[in-house]
Amino acid sequence: MEQRHLGRTGLRVSRIGLGTLTWGRDTDEHDAADQLKVFWEAGGTLVDTADVYGGGDAEYLLGQLVERLVPRRDLVIATKAGSVPDPDRRFDGSRGHLLAALDASLERLGTDYVDLWQVHAFDPETPLEETLQALDIAVSSGRARYAGVSNFCGWQLAKAATWQLAAPGVRTRLASTQMEYSLLQRGIEREVLPAALDLGVGLLPSSPLGRGVLTGKYRHATPADSRGASEQLAPFVEPYLDETASSIVDAVATAADGLAATTLQVALAWVRDRPGVVAPIVGARNAQQLTAALSVEALSLPDEICQALDDVSAPVHRYPDQDWSEL
């Protein structure tokens, strides 16, 4: 698998990442092991998790598989901290919480360091410089090799990245931002992506298949074994089952037919090769699904197909997102 630099850093990662959102919850140890082995054998390196996935079980499960199944040196392990199971405070970006969460993550993962440590979301109750200082401490102490953020809007990302760049050699530059991005969700193109491109922050798209809808599995019905049929995950899928999404999925299917490819391959190739994208994070239910996603490695979309998909899924850009000179 092709490797790409993560932002303006020396860290190289596979251009498809393996997500572990369901590990330890819907994905058991056997299926997780199969996925990790298939991913590694395909040349994949970037494995993304978080301290809240499965209540910590995803990290623990990954830690049990590393070394026993795949050499630690062959993986780029990324995790996140900052989300908390508190209805009154969903995010905690305080230095104390983040560093304690990192130590707990390292224990569950069974490793001395993570390759990429990410703040899971912006915490409006904590000064941003305090949150960012936790990243600096994590890197300077060797507990994390690189640092990034997740779910920061445009101004939040720009402020954080600029703050870190203001003291080179003292503060750790942001290597990445993880955001939802797909043909069904292009909102980050308004401000987040321009900021990331300008500041040299690599984009790691989550839900690159539109929460599974872009595979085409929901075109005619909801499969009984799908996330859309799951009591827990159905609300996660439902927003992308409207008429607008349906027309986009139909366009992807048409393109796939013309290319003798699958809708999954076309949708994933589109987001993988967008400007600023480093590695879409793919979550699969089993090794078979993951293998289907990894088969995209051999596919590059023709320019005319990319343009057609751009047109059918284009987000609305109005003032002030649109260039003033074009208004």
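Note on region 62-96: residues that are among the polar types (S, T, N, Q) and over 22 Å from the mean Cα position of the chain (by Cα) total 2. Only residues that are open to solvent by less than 50 Å² (accessible area, probe 1.4 Å) and in contact with a strand residue (DSSP E or B) (Cβ under 8 Å, 6 or more places away or on another chain) were counted in region 21-60, giving 17. Whether a residue is open to solvent by 20 Å² or more (accessible area, probe 1.4 Å), of a type outside the set (A, V, I, L, M), without any contact (Cβ under 8 Å) to a residue 24 or more places away in the chain and at negative phi was assessed, and GLU180 does not pass this test. Of all residues in region 177-211, those satisfying the criterion of being small (Gly, Ala, Ser), touching a strand residue (DSSP E or B) at 6+ places or on another chain (Cβ under 7 Å) and within 17 Å of GLY7 (Cα to Cα) are ALA196, GLY202, SER206.
Taking the criterion of being outside any strand (DSSP E or B) and either over 21 Å from the mean Cα position of the chain (by Cα) or closer than 17 Å to ALA50 by Cβ (or both), the residues of region 140-158 that qualify are SER140, SER141, GLY142, ARG143, ASN151, PHE152. When region 114-135 is filtered for residues that are touching a helix residue (DSSP H, G or I) at 6+ places or on another chain (Cβ under 7 Å) and part of a loop (DSSP other than H, G, I, E, B), the ones remaining, listed by number, are PHE122, ASP123. Per the conditions (1) touching a Pro at 6+ places or on another chain (Cβ under 9 Å); (2) under 18 Å from THR111 (Cβ atoms), the sole criterion not satisfied by ARG15 is (2).
When HIS220 is tested against (1) assigned to a loop (DSSP other than H, G, I, E, B); (2) at pLDDT 95 or above; (3) more than 15 Å from the chain's Cα centre (by Cα), just one condition goes unmet, and that condition is (2). Residues in region 223-264 that are among the polar types (S, T, N, Q), touching a Leu at 6+ places or on another chain (Cβ under 9 Å) and either modelled with pLDDT under 95 or open to solvent by 30 Å² or more (accessible area, probe 1.4 Å) (or both): SER226, THR244. Taken together, the residues in region 235-290 that are closer than 28 Å to PHE39 by Cα and among the hydroxyl-bearing types (Ser, Thr, Tyr) amount to 3.
The values are calculated or read from the model by the stated rules, or taken from the named source; none is laboratory data. Since we're looking at a predicted model, the values are computed, not measured. Glycine gets a Cβ as well: all are built from the backbone with ideal geometry, and neighbour counts include every protein chain shown. SASA here: full protein model, heavy atoms, side chains in, ligands and nucleic acids out. Shrake-Rupley method; radii C 1.70, N 1.55, O 1.52, S 1.80 Å.
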